[in-house]
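The values are calculated or read from the model by the stated rules, or taken from the named source; none is laboratory data. Note that the structure is a prediction, hence the values are computed from the model and not measured. Note: ideal-geometry Cβ built from the backbone for every residue, glycine included; neighbour counts use all protein chains shown.
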Amino acid sequence: MTLSIDAMGGDSAPDVVLEGLKLFCARRSGVDFLLHGREDELAPFLSREPALAKRTTLRHADAVVKSSDKPSQALRRARGTSMWNAIESVKAGEATAAVSAGNTGALMAISMLVLRKMDGVHRPAMTAIWPTVTGRAIVLDVGANLEADAQQLLTFAIMGEAYSRAVTGSEKPKIGLLNIGTEEMKGHDEIRQAADLIRNSGLDFDYIGYVEGNDIAGGVADVVVTDGFTGNVALKTAEGTARLLGSYLREALTSGTMAKAGALIASNGLKSLKARMDPSRVNGGVLLGLNGLVVKSHGGTDAEGFATALALAADLGESHYQEEVAANLARIAKAPKDTESETAA
């Protein structure tokens with residue numbers, strides 16, 4: 001397997017990208033790398049890491065997509081950038097997946113232009129891996145589409161279910177629709193129509209119905225389906241709440257001599273808690289629905305987080321995710337009129 005990497009994308013690129021690549025290389029064999037970026041900034045690091053250099057092909061790209069670029073701006077001057085070349089390598093069959101910590105909007109726009117959408121996908125979706133009390137959940141969409149109609153939500157469910165199996169190992173993930181309540185009459189028309197479509201799709205889904213925002217972290221569902229506006233608000237709220245709790249915890253544990261003594265006694269447990277709350281453990285969102293794999297790393301991640309994104313790309317590359325999605329999309333495309341009539345009824 002070969003991973004194609006945008007070395008110049010991210011807040012601290014290329015340093016974090018290179019250090020993350022080094023960590024991943026030490027942990028996982030059988031994966032080679034196409035590294036796209038400015039050769040004068042990348043080559044010195046590779047010369048000091050012979051084990052990594054042996055598995056890496058460096059492709060010079062002088063131009064870079066800026067974090068401040070709007071998607072339309074990025075597209076106009078995208079060709080030849082490290083981001084474009086990383087994705088182009090996937091289209092050309094040189095790499096199994098592309099990984100970038102660069103501009104999210106630009107990454108999605110370029111990915112859609114270069115790789116195109118899978119048959120049956122109206123709009124790709126961005127995923128988030130969400131820590132829960134029972135393990136991990138997949139939430140989509142978290143920002144690629146502000147709105148989503150019922151058919152798109154069904155497509156998200158298909159993609160999310162296959163993606164969950166690929167990255168969590170769940171044989172039959174539980175699927176829930178994010179709503180303002182669990183009662184059947186709750187929610188707007190598109191949500192209720194999406195529920196009917198999923199329930200009557202004929203696909204072998206474990207659909208559990210509506211879930212609420214507090215159910216996500218509770219692990220009620222393995223896959224939570226929503227539109228990008230709602231998903232992004234939920235994601236940012238959860239991230240902010242986690243930072244707030246971390247701040248409160250640090251304040252409480254350093255508030256006095258007794259608190260510090262208690263923190264020392266509970267240090268092992270606190271270290272475990274810190275590790276579980278570490279965002280680098282779940283870094284990496286995938287653009288689902290493209291004719292190729294693209295993983296978006298958080299722009300402000302550290303080396304450990306970028307290594308996590310690389311591992312996610314490798315895991316997906318070894319899975320049958322895309323084949324499963326294509327098969328289920330083809331199944332629902334064969335009888336659209338039947339499905340629509342059931343929904344109307």
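Tabulated values for the structure
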{"quantity": "Unique match (being out of contact with any helix residue (DSSP H, G or I) (no Cβ under 6 Å at 6 or more places or on another chain) and crowded, with 21+ Cβ neighbours inside 10 Å) among Leu113, Leu3, Leu18, Leu107", "calculated": "Leu107"}
{"quantity": "Residue satisfying all of: in the range 114-125; in contact with a Leu (Cβ under 6 Å, 6 or more places away or on another chain) and outside any loop (DSSP other than H, G, I, E, B); modelled with the highest pLDDT among these", "calculated": "Leu115"}
{"quantity": "Some residue of the range 26-33 being assigned to a helix (DSSP H, G or I), at negative phi and not β-branched (Val, Ile, Thr)", "calculated": "yes"}
{"quantity": "For Thr127: the one exception among (1) surrounded by 19 or more Cβ atoms within 10 Å (Cβ to Cβ); (2) over 17 Å from the mean Cα position of the chain (by Cα)", "calculated": "(2)"}
{"quantity": "Some residue of the range 169-185 being touching a residue at least 60 places away in the same chain (Cβ under 8 Å) and farther than 25 Å from Leu293 by Cβ", "calculated": "no"}
{"quantity": "Scope the range 63-87; condition farther than 23 Å from Asp15 by Cα and either at pLDDT 95 or above or polar (S, T, N, Q) (or both); matching residues", "calculated": "Ser72, Gln73"}
{"quantity": "Looking only at the range 140-198, and only at residues there that are under 24 Å from Leu316 (Cα atoms), among the polar types (S, T, N, Q) and part of a loop (DSSP other than H, G, I, E, B), the one that is nearest to the chain's Cα centre (by Cα)", "calculated": "Asn145"}
{"quantity": "Which numbered condition Glu88 misses (of (1) part of a loop (DSSP other than H, G, I, E, B); (2) farther than 18 Å from Ala326 by Cα; (3) of a type outside the set (Gly, Ala, Ser))", "calculated": "(1)"}
{"quantity": "Residue satisfying all of: in the range 201-251; of a type in the set (Val, Ile, Thr) and assigned to a loop (DSSP other than H, G, I, E, B); surrounded by the fewest Cβ atoms within 10 Å (Cβ to Cβ) among these", "calculated": "Val220"}
{"quantity": "Only one of Val65, Val99 that is of a type in the set (Val, Ile, Thr), under 22 Å from Glu318 (Cα atoms) and surrounded by 24 or more Cβ atoms within 10 Å (Cβ to Cβ)", "calculated": "Val99"}
{"quantity": "Residue in the range 36-85 that is nearest to the chain's Cα centre (by Cα), counting only those that are farther than 20 Å from Gly20 by Cα and in a strand (DSSP E or B)", "calculated": "Thr81"}
{"quantity": "Single match in Leu329, Leu270 (criterion: among the aliphatic types (A, V, I, L, M) and at pLDDT 75 or above)", "calculated": "Leu329"}
{"quantity": "Verdict on His60 being surrounded by fewer than 18 Cβ atoms within 10 Å (Cβ to Cβ), at pLDDT 95 or above and within 24 Å of Thr96 (Cβ to Cβ)", "calculated": "yes"}
{"quantity": "Among the residues listed as Glu161, Glu147, the single one being in contact with a Phe, Trp or Tyr (Cβ under 8 Å, 6 or more places away or on another chain), crowded, with 24+ Cβ neighbours inside 10 Å and of a type in the set (Asp, Glu)", "calculated": "Glu161"}
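For (1) under 14 Å from Asp227 (Cα atoms); (2) modelled with pLDDT under 90; (3) out of contact with any helix residue (DSSP H, G or I) (no Cβ under 6 Å at 6 or more places or on another chain), each residue gets a yes or a no:
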| site | (1), (2), (3) |
| --- | --- |
| Asp149 | yes, no, no |
| Ala166 | no, yes, no |
| Ile180 | yes, no, yes |
| His188 | yes, yes, yes |
| Asn200 | no, yes, no |
| Leu203 | no, yes, no |
